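Before any comments, here is the structure.
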Amino acid sequence: MKGRLILVPNTLDLGTLAGSLPPPDLREVLPQGVIDAAARLRYWVCENAKSTRAFLKRVDAITPLAQPLQTLEISELPRPPKGRHVAEPADLRALLAPALDGHDIGLISEAGLPAVADPGAALVAAAHAADVSVQPLPGPTSLLLALAASGLNGQSFAFVGYVPQEAGAQAQRLKELEALSRRLGQTQLMIETPYRNGALLRALLSALAPDTWLSVSCGLTLSGGWTRSARVAQWRQRPTELPADVPAVFALLAG
């Protein structure tokens, strides 16, 4: 029998102290069943082995690992360019070797749910191509938490990933997303590398119409995390400084 590819959710603190905000107790973010499942797994696929070991140390403090941490087999995904699929499914078949031999494999993201805004999606595709069962476990995803907290349209929304960094292309893309939002009544969600949070906020306030709704969620599930939703005109009147070391999610809804 083949093993399973188990999608293990991670906390949203990126496996670190997330800047000035201390990480929450694992049990405040993940169900006990997820922690117990993670403790049983021997084989892992991840983006970064170091941060995965840090996650497993936190697991071990609650539910002892079935095997010593140093004996676990942790493989890293190929690093993809931003916004592109990591590889064709067949290219990742080697990472599924334990499952093909009958062992379960844990797939973990750096933050949140694996395969959602995450290169692990390619391994999930490879698992389906190899007829390996995929089992997702419940846990946080910053995109949906931010949408829920925003008060914007939760019936129709799209995640657009990263926007261009070059000023001209960035402004054009933001205006395109605003026009799409206005035409469809659809919330547009995006993210940025934390150290560029402030730059993206300034670009949004410059490019968007005054009556467009803008929501920013910062440090969700962390101590001191917050969400602010207001029209662009209100943001301009009362600017908000964003931390450069804490993840944020940006959402817009044109009026």
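Structural remarks
- For segment 239-255, a residue qualifies if it is over 17 Å from the mean Cα position of the chain (by Cα), modelled with pLDDT of 95 or more and either under 15 Å from S142 (Cβ atoms) or part of a loop (DSSP other than H, G, I, E, B) (or both), and exactly one does: A254.
- Considering residues of segment 105-123 that are outside any helix (DSSP H, G or I) and among the small types (G, A, S) only, the residue nearest to E192 (Cα to Cα): A117
- Close pairs from segment 164-187: first closer than 13 Å to A251 by Cα, partner open to solvent by less than 90 Å² (accessible area, probe 1.4 Å) and part of a helix (DSSP H, G or I), Cβ under 8 Å, at least 6 apart: L174/A203; L174/L204; L174/A207; E178/A207; Q186/L180; T187/L147; T187/S150; T187/S181
- Matching residues in segment 181-200 - criterion: being open to solvent by 10 Å² or more (accessible area, probe 1.4 Å) and part of a helix (DSSP H, G or I): R182, R183, L184, P194, Y195, R196, G198, A199
- When residues of segment 160-180 are limited to those that are open to solvent by 80 Å² or more (accessible area, probe 1.4 Å) and either assigned to a loop (DSSP other than H, G, I, E, B) or touching a strand residue (DSSP E or B) at 6+ places or on another chain (Cβ under 9 Å) (or both), the one farthest from N197 (Cα to Cα): E166
- Test: G154 is more than 14 Å from the chain's Cα centre (by Cα) and either part of a helix (DSSP H, G or I) or exposed (fewer than 15 other Cβ atoms within 10 Å of the Cβ) (or both): yes
- If you check P138, P210 for being more than 30 Å from P23 (Cα to Cα) and not small (G, A, S), only one passes: P210.
- Condition met for R202 (touching a Pro at 6+ places or on another chain (Cβ under 7 Å) and either of a type outside the set (K, R) or more than 18 Å from F159 (Cβ to Cβ) (or both)): no
- Extreme residue, modelled with the lowest pLDDT, among residues of segment 1-46 that are hydroxyl-bearing (S, T, Y) and within 18 Å of A115 (Cβ to Cβ): T11
- Selection within segment 202-217: residues that are touching a residue at least 40 places away in the same chain (Cβ under 8 Å) and open to solvent by less than 10 Å² (accessible area, probe 1.4 Å). The member of this set that is nearest to T141 (Cα to Cα) is S217.
- You will find that of L205, L214, the residue that is under 18 Å from L147 (Cα atoms) and either not β-branched (V, I, T) or not in a helix (DSSP H, G or I) (or both) is L214 and no other.
- Filter pass, P138 being out of contact with any strand residue (DSSP E or B) (no Cβ under 9 Å at 6 or more places or on another chain), surrounded by fewer than 18 Cβ atoms within 10 Å (Cβ to Cβ) and in contact (Cβ under 8 Å) with a residue 60 or more places away in the chain: yes
The values are calculated or read from the model by the stated rules, or taken from the named source; none is laboratory data. Predicted model only: the values in this text are computed from it and were never measured. In this analysis, Cβ positions are derived from the backbone assuming ideal geometry, glycine residues included, and neighbour counts consider all displayed protein chains. Please note that ligands, DNA and RNA were not included when accessible areas were found on the heavy atoms of the full protein model with its side chains. Shrake-Rupley method; radii C 1.70, N 1.55, O 1.52, S 1.80 Å.
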